[in-house]
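For reference, the structure discussed in these notes is given below.
The values are calculated or read from the model by the stated rules, or taken from the named source; none is laboratory data. Since we're looking at a predicted model, the values are computed, not measured. Cβ atoms come from the backbone with ideal geometry, glycine included; neighbour counts cover every protein chain shown.
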Amino acid sequence: MALPKIKQDLTDAVLAQPVPEGGSWLTAARDGARARLGGLGMPIRRDEYWKFTNPESWTGAQAFLTASDASTIFDDAEPLTLVFTDGAFDAAASDDLALEGVSIELLSGVAHTDLHWAKGLYGKLEAAANGAERRDGARLFKPVARPMAALNTAMAEEGVLIHATGEVTRPIRISYRSAGGSPQLHHLVKVEEGASVTILEEGMPGAQSNVMMEADVADNGTLHHLRIQGPEQDRATLTNFFARTGTESTLKTFGFTANGSITRNEAVIEITGDNATAHIAGGCLGDNERGSFHHDDTVYITHDAVNCESRQVFKKVLRNGATGVFQGKILVQPHAQKTDGYQISQSLLLDDDSQFLAKPELEIYADDVACSHGSTSGAIDEQALFYLRSRGVSRKEAEDLLTLSFLAEALEEIEDEALAEMVQAKIEDWLRG
Amino acid sequence: MLEIKNLHVELEEEEKKILKGVDLVLEPGKVHAIMGPNGSGKSTLSYVLSGRDGYEVTDGSATLEGEDLLEMEPEERAAAGLFLAFQYPVEIPGVGNMTFLRTAVNAQRKARGEEELSAGEFLKVVREKAKSFKIDADMLKRPVNVGFSGGEKKRNEILQMAMLEPKMCILDETDSGLDVDAMKLVAQGVNALRDGKRTFLVITHYQRLLDHIKPDVVHIMANGRMITQGGPELALEVENNGYANLLEDA
């Protein structure tokens, strides 16, 4: 089917850009992604999954020239840190990449290697998500297009490759800095059977960025992932998180965003092994006094195995005319019995001009499942506000406390208490301005 | 201490008159009790004094040590020394009880131009006071009032009162929903704070609480006014005969 002209023109322009250099497997992966992108076309506002968030923020000319320094939220966790400045690895600012239980490499470093585990993962989860329509019995299965992820697979030149083979005791931090560029980074994480690793991301990758992470968690593996974005005002930030999880594995990913003109965090999680747990949670604090704060979480969790649990917990604090978007889906395949799925998305609207657009979707083909979902929008609880003020707490401070109270359910999803406290402390800082 | 003159109050949304000329003078260091039938305006009086939204004062005044209470924001009233123990304490998920207490204590100290308490100093004081109200470390850590029993919520109110050291304490039906043991514990807490200077206004339906917190003056409120006052014996009379006689006399 031919693409609409506007989409075709945009796609042609993107595909006309020079292909990054690389070895045979990487070139093949990029070529595959280019072909997928050619078929899908670049996203436009008319696409269903981009109805609430304008893709031109990333497909159009860069609108901002914000720079950012190092973010230091997780310093106290003493992580092994890799620094990327506008997408380029900064070896001098980074730690030595040696750590027990894990190998850490760079995409640019293995691009010319013939045999590497990265070959089996790079672009693979994205390709699977961007697969063709297929028929499953009477059902026609139409995957949601992820063109920005395909674009990333095609164009990214750098990224971290993390291969966990044991229990990695020290968190690995990907720390972003920017002088105002527009990088695309593509990270890969492979957690072997029984291995566990915690990955932290903080800082601004670029004024206009498209960052992707593909994670393959094997049986009994554990991946904890935290991503904190902010507090720069003028930036367009896009992330794509793809994960595939095995039997009795645990995946917990948490994101928090402060400010930014526009942020979209897409997550596509496929639970393929029985008795597995996959949690995704996040929150945001929108306070762009210059007139726009737009925050989009687009999540798609597929239950493809028996007796698995998934949770989606999202809390958005919106003020000064901010827009929050949540598109969350749980797909339960016919054989995925005993699925326990939970999804909640809530917004705290601090003024009349802010809005929350929520699209919860449940598609269930198994008959023995428990799936619940809810979505609410509300203002500050006046009773609680009065209670706090009657104890001498100022209105502003009381509102801040109640904002933290609102965010608490999402923050509780962070497994590690010390890391949760670091995130909470940062949010308190941001609230106080 | 607290002086209320001809106070008229309406509900903002319904233009319903609730208080119709309340006159009340509370002496420093004394315990005053207000009793009265349902709907007499007792709780409204406590809310208006502490500054809750939704009420319109159409006439009259209320002053705390000569300062106009009605002009102040709720937090300013608290800093001036007013405290309301809520009939229904509010649950605040995700905010630790200790964080809440420390924020409140330091906010008031700041408003009064005093130095804020450090985490260590605060912890020492709060532990000591909590112990005397049988509030354990777990209750201090848990989110404010979340999952607390009725008795725990009321004890938590008294702990806040003890930490904030107000001049003027209003207890709005603090005995409601409490068993005898819990009520005694709350009364003990209040009695421990009686120091001859601090003033109390105890709002209650039952004489029972006043067995444990001995009032100096008992006021009877009905239909938005104070209709009579007397000594502790007045509470006993209400307990034995109900309000009917008193209402007729008024």
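Miscellaneous remarks
- Scanning the stretch B:48-60 for residues that are closer than 20 Å to B:ILE203 by Cα and in contact (Cβ under 8 Å) with a residue 40 or more places away in the chain yields B:VAL48, B:LEU49, B:SER50, B:TYR55.
- Exactly one residue out of A:ILE364, A:ILE427, A:ILE380 is touching a residue at least 60 places away in the same chain (Cβ under 8 Å) and either surrounded by fewer than 19 Cβ atoms within 10 Å (Cβ to Cβ) or more than 10 Å from every other protein chain (Cβ to nearest Cβ) (or both), and it is A:ILE427.
- Any pair with Cβ under 8 angstrom, 6 or more apart, that starts in the stretch B:2-29 at a residue that is surrounded by fewer than 14 Cβ atoms within 10 Å (Cβ to Cβ) and ends at one that is part of a loop (DSSP other than H, G, I, E, B) and acidic (Asp, Glu): B:GLU12/B:ASP53; B:GLU27/B:ASP216
- For the stretch A:85-104, a residue qualifies if it is over 18 Å from A:ASP69 (Cβ atoms), surrounded by 14 or more Cβ atoms within 10 Å (Cβ to Cβ) and in contact (Cβ under 8 Å) with a residue 60 or more places away in the chain, and the qualifying residues are A:LEU99, A:GLY101, A:VAL102, A:SER103, A:ILE104.
- The number of residues in the stretch B:114-137 that are surrounded by 14 or more Cβ atoms within 10 Å (Cβ to Cβ) and assigned to a helix (DSSP H, G or I) comes to 7.
- Residues located in the stretch B:197-221, provided they are closer than 11 Å to B:VAL31 by Cβ and surrounded by fewer than 16 Cβ atoms within 10 Å (Cβ to Cβ): B:LYS214, B:ASP216
- Subset of the stretch B:79-96 [touching a strand residue (DSSP E or B) at 6+ places or on another chain (Cβ under 8 Å), aliphatic (A, V, I, L, M) and either surrounded by fewer than 21 Cβ atoms within 10 Å (Cβ to Cβ) or within 9 Å of another protein chain (Cβ to nearest Cβ) (or both)]: B:ALA80, B:LEU82, B:LEU84, B:VAL90, B:ILE92, B:VAL95
- Annotation: A:ASP274 fulfils all but one of (1) surrounded by fewer than 21 Cβ atoms within 10 Å (Cβ to Cβ); (2) in contact with a Gly (Cβ under 7 Å, 6 or more places away or on another chain); the unmet one is (2).
- The residue pairs whose first member lies in the stretch A:1-30 and is of a type in the set (Lys, Arg) and surrounded by 14 or more Cβ atoms within 10 Å (Cβ to Cβ), whose second member is in a helix (DSSP H, G or I) and at pLDDT 95 or above, and whose beta carbons are closer than 7 Å, counting only pairs six or more residues apart or on different chains, are A:ARG30/A:THR153; A:ARG30/A:ALA154.
- Test result for A:GLU399, under 30 Å from B:ALA85 (Cβ atoms), in a helix (DSSP H, G or I) and more than 10 Å from chain B (Cβ to nearest Cβ): yes
- Among the residues listed as B:LEU193, B:LEU159, the single one being within 13 Å of chain A (Cβ to nearest Cβ), of a type in the set (A, V, I, L, M) and touching a Phe, Trp or Tyr at 6+ places or on another chain (Cβ under 9 Å): B:LEU159
- Summed over the stretch A:190-218, the residues that are assigned to a strand (DSSP E or B) and over 21 Å from A:THR237 (Cα atoms) give a count of 7.
- Output for the stretch B:162-182, where each listed residue is within 14 Å of chain A (Cβ to nearest Cβ) and either part of a helix (DSSP H, G or I) or more than 15 Å from the chain's Cα centre (by Cα) (or both): B:ALA162, B:MET163, B:LEU164
- For A:LEU80, the test of being touching a residue at least 40 places away in the same chain (Cβ under 8 Å) and closer than 28 Å to A:TRP430 by Cα is passed.
- Residue within the stretch A:246-263 that is charged (D, E, K, R) and touching a Ser or Thr at 6+ places or on another chain (Cβ under 6 Å) present: no
- Selected residue (criterion: nearest to A:PRO171 (Cα to Cα)) from residues of the stretch A:405-420 that are more than 12 Å from every other protein chain (Cβ to nearest Cβ) and not in a helix (DSSP H, G or I): A:ASP416
- The residues of the stretch A:245-261 that are at pLDDT 95 or above and either within 14 Å of the chain's Cα centre (by Cα) or not in a strand (DSSP E or B) (or both), listed by number, are A:GLY246, A:THR247, A:GLU248, A:SER249, A:LEU251, A:LYS252, A:THR253, A:PHE254, A:GLY255, A:PHE256, A:THR257.
- Filter result for A:LEU357 (in a strand (DSSP E or B) and at pLDDT 95 or above): yes
- Against the list (1) within 13 Å of chain A (Cβ to nearest Cβ); (2) buried (at least 22 other Cβ atoms within 10 Å of the Cβ); (3) under 30 Å from B:GLY242 (Cβ atoms), the condition B:SER40 fails is (1).
- Residue match in the stretch A:386-397 (condition: among the hydrophobic types (A, V, I, L, M, F, W, C) and either surrounded by fewer than 21 Cβ atoms within 10 Å (Cβ to Cβ) or out of contact with any helix residue (DSSP H, G or I) (no Cβ under 6 Å at 6 or more places or on another chain) (or both)): yes
- Cβ pairs under 7 Å, 6+ apart, first in the stretch A:280-299 and modelled with pLDDT of 95 or more and part of a strand (DSSP E or B), second crowded, with 24+ Cβ neighbours inside 10 Å and of a type in the set (Asp, Glu): A:GLY282/A:ASP297
- Pairs where the first residue, in the stretch A:314-335, is more than 16 Å from A:GLU399 (Cα to Cα) and the second is acidic (Asp, Glu), C-beta under 6 Å, 6+ apart: A:PHE314/A:ASP297; A:GLY321/A:ASP353; A:VAL325/A:ASP296; A:PHE326/A:ASP297; A:LYS329/A:GLU361; A:LEU331/A:GLU363; A:GLN333/A:ASP304
- B:ASP68 passes every criterion in (1) under 20 Å from the mean Cα position of the chain (by Cα); (2) within 14 Å of another protein chain (Cβ to nearest Cβ) apart from (2).
- Elements of the type strands (runs of 3 or more DSSP E) sitting completely within the stretch A:127-175 and holding at least 2 residues that are surrounded by fewer than 18 Cβ atoms within 10 Å (Cβ to Cβ) and free of Cβ contacts under 8 Å to residues at least 60 places away in the same chain: these cover A:134-136, A:139-141.
- Against the test of being buried (at least 24 other Cβ atoms within 10 Å of the Cβ) and within 28 Å of A:PRO143 (Cβ to Cβ), the options A:THR263, A:THR250 yield a single qualifying residue, A:THR263.
- Counted residues, the stretch A:301-342 - those being surrounded by fewer than 22 Cβ atoms within 10 Å (Cβ to Cβ), part of a loop (DSSP other than H, G, I, E, B) and of a type in the set (Val, Ile, Thr): 1
- Selection status of A:LEU348, buried (at least 20 other Cβ atoms within 10 Å of the Cβ), over 18 Å from the mean Cα position of the chain (by Cα), in a strand (DSSP E or B) and not small (Gly, Ala, Ser): yes
- Single residue of A:PHE386, A:PHE314, A:PHE326 found to be within 14 Å of chain B (Cβ to nearest Cβ) and aromatic (Phe, Trp, Tyr): A:PHE386
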